[in-house]
Amino acid sequence: MATRSLWRTRAKLAVAATALCTGGAAATVATSDDPAAALKLCTAVPLRLLRDSATAASIVFDYQYSLWGLPEGSNERAKIKHEVHLRSARKLQELCFRNGGIYIKLGQHIGQLEYLVPQEYVLTMRESMLNKCPVSSYDQVCEVFKKELGETPDKVFDEFDPKPIASASLAQVHIARTHDGQKVAVKVQHTHMTDTAAADQATVEFLVNTLHQLFPSFDYRWLVAEIRESLPKELDFLIEAKNSVKCLENFRKLSPHIADYVYAPEVHWSLSTSKLLTMEFMDGAYVNDVITIQKLGIQPSDVARLVSQTFAEMMFKHGFVHCDPHAANLLVRPLPSGKRRTFGKKKPQLILLDHGLYKELDFSTRFSYASLWRALVFSDANGIKEHSVKLGAGEDLYVLFAGILTMRPWNRVIDPAVDHLVIKGTDSDLSELQMYASQYFPQISELLRRLPRVILLMLKTNDCLRAVNNSLLQGSSLETFLIIGRVSSEAVVEAKMTQMKSLFSWIDIWFEEFLFEARLLALQIAFWLLRVRNALT
């Protein structure tokens, strides 16, 4: 009965999609200011919906048919489920590549959800979605150059490699050399992106709204609003260039103690437009390439600390956050000043790429978010509840919010143990987290509906950073949370100092900070004792 109902639901969705899109196509084209673009949109949307429906039906049927009658917990079921996961992941990968655009971005995000989706999906998406996406032809690249700069690449540059070194959802990157001999990376927007982006947005909006009507508890309409706001900004490369400049200025002004350790490629403004971005070429290892990082003489644990410090400063002090820190957007190289070494190992410098997606946190949100993370690190149940409620989670879902942020169940979140937030990456840890996510899916949907969109982007950033840390350390690290605890505490104190009204307020703030520093010192001592014990055993 349930299976028959599911097939009926999918059939209704497909029929509604076809009727809506094909029936309204003529009217849309006739009334549009750009009939050619409107015709492309009305052609693309039904095709995407058809692919989505066919892929979803194929995956659902494969799971139901392949697992039918196999007892839960049996070795045979586990083996068959692994095979179905792999097949389904490849089908989803193919769908993302064929539709392109936003779908590839969604595939990239799945590749970061280390603890929420089966590993077969994570590994399949991660190995293909970050920098091996479908490419535009050289003729299409020339078309973009002619529209933007009036000349083909071979005229604009002294040298231009027609084969891209990387391709992502919105653009691809070519190596070139300027007429004055500088080696540069040229980011070229895919020619189809303007039309594809509109089609993707229309498709996602229709699917989300229809699913919400069929299943009221499935409310992801906030996703449509986020796409509508962020995608036009990501498609304007001049905004990306300005973001990279502002990012480095923030580190120089607000976090000078690590400013030398964070870098973004210099922009060649005269060779950049909204669809072309020419930047200094950067040599470095991808942040998840542990072997290459070690060959450079850098400790992966030093890189993990730097990544944590960098994004903690952005979130809690700058309020201007790079929201797409997946592995292909983070490079590592030895700090250019070779004098700075520790025990013969080189200090790392983190290079931030792809500055298209940034979010600004206003003072109130930044203060509450920093206060929440400080409470999480110090197992402060009252503080967790207070600041989760302030951020919109509500008194009924603040426990779930804490769990999503830390990927830890509530009893671990408030556990006073020094390593209460550390995920060890064991099979039991993974199983516990995946069960936790599936068990509370309706509540998670409601929580995501409530939270401000800027916090939803912080959750995405957390997912990316968690995946980066896991690749560097094979799990999370207590030291990572010590860094978060320190930076969030500093940010809270700085915020309170700006609002200080009397000497008594200053004394209260100073005493509060003294207590947190004492607790942080105790955590650090416990951390070092654990390391000594592990080294001796």
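General observations
- Mean Cβ count within 10 Å, highest first, over the residues of peptides 56-63, 93-100: 93-100, 56-63
- Cβ-Cβ distance of Ser445 and Glu386, R₀ of 22 Å, FRET efficiency by 1/(1 + (r/R0)^6): the value works out to about 0.35.
- Low-density loop positions, GluC sites (Glu not before Pro), region 145-237 - DSSP coil, at most 12 other Cβ in 10 Å: Glu151
- Approximating the spin labels as points 7 Å out from Cα along Cα→Cβ, the Phe363-to-Glu266 distance works out to 3.7 nm.
- Label point distance in nm, Ala225-Leu123, each placed 7 Å from Cα along Cα→Cβ: 3.9 nm
- Amide N of region 146-187 lying under 12 Å from the label point, which is placed 7 angstrom from the Cα of Tyr138 along Cα→Cβ: 153-154, 160-164
- Point-to-point label distance, Leu47-Ser337, nm (Cα→Cβ direction, 7 Å offset): 5.5 nm
- Applying 1/(1 + (r/R0)^6) with R0 = 51 Å to the Cβ-Cβ distance of Ala57 and Gln294 gives a FRET efficiency near 0.65.
- Electrostatic dipole magnitude of region 173-281 [Cβ: Lys, Arg +1; Asp, Glu -1; Cα centre; debye, to 20]: 260 debye
Rule-based calculations on the coordinates, nothing more; no lab input. The structure displayed is predicted, hence computed values, not measured ones. Virtual Cβ from ideal backbone geometry, glycine too; neighbours counted across all protein chains shown.
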